[in-house]
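Quick note: the coordinates plus some simple rules give every number you see, no bench work behind them. Note that the structure is predicted; figures quoted are calculated from it, not measured. A quick note on method: Cβ atoms are made from the backbone with ideal geometry, for glycine too, and the neighbour counts reach across all protein chains shown.
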Amino acid sequence: MPFSAVIFSAEALRGALISKTLEKNGYRVYLYNKVHSAGDILEAKAPQIVIIDKEGYFPGELESFSLLSGILKGIPLVIVSNSEADDSIHIKDISVHWCRSNPLDPLAIVATANSILEASGSLPAASDRIEPSGKEAIAQDLMGFLGME
Amino acid sequence: MTEATGSNDYSGRMDDVGRSGSGMSIEEQMGTSASISQKSLDMEDRPGGVGGPIGLDVGTSNIVMAQNRGSKISIAKQLNAFFAIPQSKFTKQILQQNDVVFFEHNKMYYIIGDSAENFANMFNANTRRTMEKGFLTLHEDEGVAIIQAIIKTLVQRPKKFGEVICFSVPGEPLRDNHGSSNLSGHESVIKMYLETLGYTPIAINEGLAVVMAELGDENFTGIGISMGGGMCNICLSYMSVPVIMYSIQKGGDNIDVSVGREVGLSATKIKGIKEGGTDLSILPKNKVELAIAIYYTDLVNHLVSSLEQVISSSNKIPKIADPVPIVISGGTASPKGFKEKFESALQSIRLPFEISSVRIAKDPLYTTAKGSLVMAVSEAK
């Protein structure tokens with residue numbers, strides 16, 4: 001069963017690049033640009049990981065995440081940013097993983113998400129994963145592209 | 001994914017259009033005030049006609065339709081051109097006898113599609129176009145009605161209302177003066193017409209369609225270039241996400257017009273010579289070949305330098321670790337030696353990522369339609 005990730009990204013292109021790359025790497029992705037209903041979204045989707053692309057959001061919008069500590073408890077949170085880590089997103093009792101990515105590096109974001117899930121034991125370590133055969137990989141690619149289960 | 005098959009399976013042109021010669025009202029066909037002489041068959045009447053999603057390449061030179069038929073992709077093509085001649089009973093009889101697709105309007109016969117080129121050559125004149133430089137032209141009063149009539153020869157009403165049809169649209173043209181294009185107007189006109197036929201139309205960038213058709217093995221990551229008659233469309237895609245899309249309003253037509261002006265022949269004549277077997281890898285043997293080679297070089301240099309200009313100045317490009325392929329489609333990329341000319345020009349520019357290979361699409365004339373079909377199928381799921 002694929003891991004589910006909720007992405008918040010204000011910029012359509014960046015959001016699409018991150019979500020496509022995660023999908024390609026086996027995640028089921030839910031992409032949103034508006035953060036005002038983030039709480040409802042996270043409750044409904046119950047993702048294994050949350051990714052916030054900080055670029056493009058106003059500081060006030062990012063602050064709204066600080067109210068979500070209850071919902072985010074136990075869910076790893078990755079902040080994607082062009083710059084160094086800062087305190088623009090502070091959520092009580094939630095460990096935030098920063099992924100500095102300038103230019104945007106979708107594969108680095110996937111690697112960050114994988115390593116967090118590996119560390120938590122949710123995802124088998126890369127060395128233990130069974131890679132699909134060539135034929136299976138093509139079938140998976142096609143199914144992913146066509147949005148099939 | 002299904003593969004296009006050999007040339008025998010490319011149906012379409014006038015063979016896919018019924019010919020009742022009944023003078024059927026064009027209001028029924030296009031919602032305009034003209035009348036058309038040929039009756040297009042409904043989908044269920046077409047031999048082997050099937051429903052399902054459709055890919056439609058709406059190009060300046062050609063309109064191409066692609067649709068799945070069992071395990072094959074069926075392709076139908078029509079020249080996006082017309083030729084007007086004055087009405088007379090005798091002319092009408094001749095046109096009908098020779099299965100020429102035309103319609104009547106304002107005491108003129110508008111010969112459309114592939115037949116238009118034959119007539120233009122017969123009169124040593126140029127065909128007229130419904131589109132110019134990638135967009136519907138504002139110079140022709142009947143342009144919209146004619147392009148609808150041409151589309152109608154290829155796309156019939158769907159079996160199931162709301163069937164998905166993906167049609168190609170150009171990217172925003174690069175302009176020095178930052179002027180705006182009529183992209184949204186062009187897209188709206190095509191979209192509205194396809195909606196009246198009963199489809200759910202979705203626009204796809206022409207360059208992205210090339211990526212969708214050709215770069216499946218590369219995770220839909222790379223640069224797709226469609227070199228058509230009116231323009232070149234370029235798309236840098238990362239995992240099927242179009243990162244950069246733009247167009248340059250130069251294409252095969254520019255070569256035809258420029259060469260024609262230099263050597264004193266009509267552009268339509270030059271187009272015929274050019275498509276008859278231009279070889280850019282050998283030294284030109286006469287002044288026409290020389291002029292064609294010169295203007296091809298100019299076009300390729302312009303295209304390649306635009307790549308450097310747009311990509312190097314963009315801040316949207318993600319980190320691309322692996323070298324990316326470039327795939328080129330369109331009739332203008334068809335001549336022998338074109339790939340080598342492009343590769344050579346590519347050596348003179350710098351890009352923020354490496355290029356793994358340059359290749360010409362498998363069926364350069366049908367790539368955009370096939371890519372649009374891939375998108376239509378995925379949207380229909």
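For each of B:123, B:167, A:3, B:103, count neighbouring Cβ atoms within 10 Å of the residue's Cβ, then give the residues from fewest to most.
Least crowded to most crowded, the residues run B:123, A:3, B:103, B:167.
Determine, for each peptide in A:52-61, A:78-87, B:366-375, the mean count of other beta carbons within 10 angstrom over its residues, then list the peptides with the highest first.
Sorting A:52-61, A:78-87, B:366-375 by mean packing, highest first, produces B:366-375, A:52-61, A:78-87.
Round to the nearest 0.05 the FRET efficiency obtained for residue B:286 and residue B:184 when R0 = 41 Å and r is the Cβ-Cβ distance.
For residue B:286 and residue B:184, the calculated efficiency is 0.40.
Cut-off is 10 Å between beta-carbons; in what order do B:154, B:351, A:72 appear when sorted fewest neighbours first?
Ranked by crowding around the Cβ, least crowded first: B:351, A:72, B:154.
Work from the charge dipole of chain B (Cβ charges, +1 for Lys and Arg, -1 for Asp and Glu, about the Cα centre) and give the residue of B:185, B:331, B:265 farthest towards its positive end.
Comparing the listed Cα positions along the dipole, B:265 ranks first.
Compute the angle between helix B:183-197 and the longest alpha-carbon principal axis of chain B, please, reported from 0 to 90 degrees and rounded to the nearest 10.
With rounding to tens, the tilt is 40 degrees.
Residue B:298 to residue B:275: extension gain in nm, 0.36 nm per residue of separation minus the Cα-Cα distance?
6.5 nm
Report the one residue of B:346, B:300, B:105 whose Cα lies farthest in the direction of the positive end of the charge dipole of chain B (charges on C-beta: Lys and Arg +1, Asp and Glu -1; origin at the Cα centre).
B:105
Between residue B:69 and residue A:86, what's the calculated FRET efficiency when r is the beta-carbon distance and R0 is 45 Å? Round to 0.05.
E between residue B:69 and residue A:86, to the nearest 0.05, is 0.20.
If you count the DSSP beta bridges with both ends in chain B, what percent of them are antiparallel, to the nearest 5?
Taking every DSSP beta bridge within chain B, about 65 percent pair in antiparallel fashion.
Got a sec to turn the phi values of region A:83-99 into Karplus ³J(HN,Hα) couplings, 6.51 cos²θ - 1.76 cosθ + 1.60 with θ = phi - 60°, whole Hz, x for Gly and Pro?
Calculated HN-Hα couplings, in order: 10, 5, 4, 9, 9, 5, 10, 10, 10, 4, 6, 10, 7, 9, 9, 8, 10 Hz.
Figure the gain on full extension for residue B:351 and residue B:123 (residue separation times 0.36 nm, minus the Cα-Cα span) and round it to one decimal in nm.
Stretched fully, the residue B:351-residue B:123 segment lengthens by 77.3 nm.
Output wanted: per-residue J couplings in Hz (rounded whole) for region A:68-81, from phi through Karplus 6.51 cos²θ - 1.76 cosθ + 1.60, θ = phi - 60°, x for Gly and Pro.
Computed from phi, the couplings for region A:68-81 are 9, 4, x, 5, 7, 4, x, 9, x, 10, 10, 9, 9, 8 Hz.
Could you sort B:282-295, B:207-220 so that the peptide with the highest average Cβ count within 10 Å comes first and the rest follow in order?
Final packing ranking: B:207-220, B:282-295.
Can you classify region B:235-359 as rounded, prolate or oblate using the Cα gyration tensor, where a ≥ b ≥ c are the square roots of its eigenvalues, rounded means a/c under 1.5, and otherwise it's prolate if a/b beats b/c and oblate if not?
It comes out prolate by the Cα gyration axes.
How much length, in nm to one decimal, is gained on full extension between residue A:73 and residue A:13, taken as 0.36 nm per residue of separation minus their Cα-Cα distance?
Taking residue A:73 through residue A:13 to full extension adds about 18.7 nm, to one decimal.
Calculate the dipole size of chain B relative to its Cα centre from +1 charges on Lys and Arg beta carbons and -1 charges on Asp and Glu beta carbons; express the result in debye to the nearest 20.
360 debye
With a Förster radius of 30 Å, plug the Cβ-Cβ distance of residue A:43 and residue B:313 into 1/(1 + (r/R0)^6) and report the FRET value to the nearest 0.05.
0.10
Give the average, rounded to an integer, of partner chain Cβ atoms located within 10 angstrom of each Cβ in B:313-319.
Taking the mean over all residues of the peptide, I get 5.
Select from B:154, B:171, B:228 the residue farthest towards the positive end of the dipole of region B:127-273; place +1 on Cβ of Lys and Arg, -1 on Cβ of Asp and Glu, and compute about the Cα centre.
Among B:154, B:171, B:228, the one farthest towards the positive end of the dipole of region B:127-273 is B:154.
Charges at C-beta only: +1 for Lys and Arg, -1 for Asp and Glu. How large is the resulting dipole of region B:283-369 about its Cα centre, in Debye rounded to 20?
With only Lys, Arg, Asp and Glu charged at Cβ, the dipole is about 100 debye.
Residue by residue through region B:94-109, what is 3J(HN,Hα) from phi via Karplus (6.51 cos²θ - 1.76 cosθ + 1.60, θ = phi - 60°)? Round to whole Hz and write x for glycine and proline.
Running phi through 6.51 cos²θ - 1.76 cosθ + 1.60 with θ = phi - 60° gives 4, 4, 5, 5, 9, 6, 8, 7, 8, 9, 9, 6, 6, 6, 10, 9 Hz.
With only Lys, Arg, Asp and Glu charged, each at its Cβ (+1 for the first two, -1 for the last two), find how big the charge dipole of region B:239-344 is about the Cα centre; round to the nearest 20 debye.
Value, rounded to 20: 140 debye.
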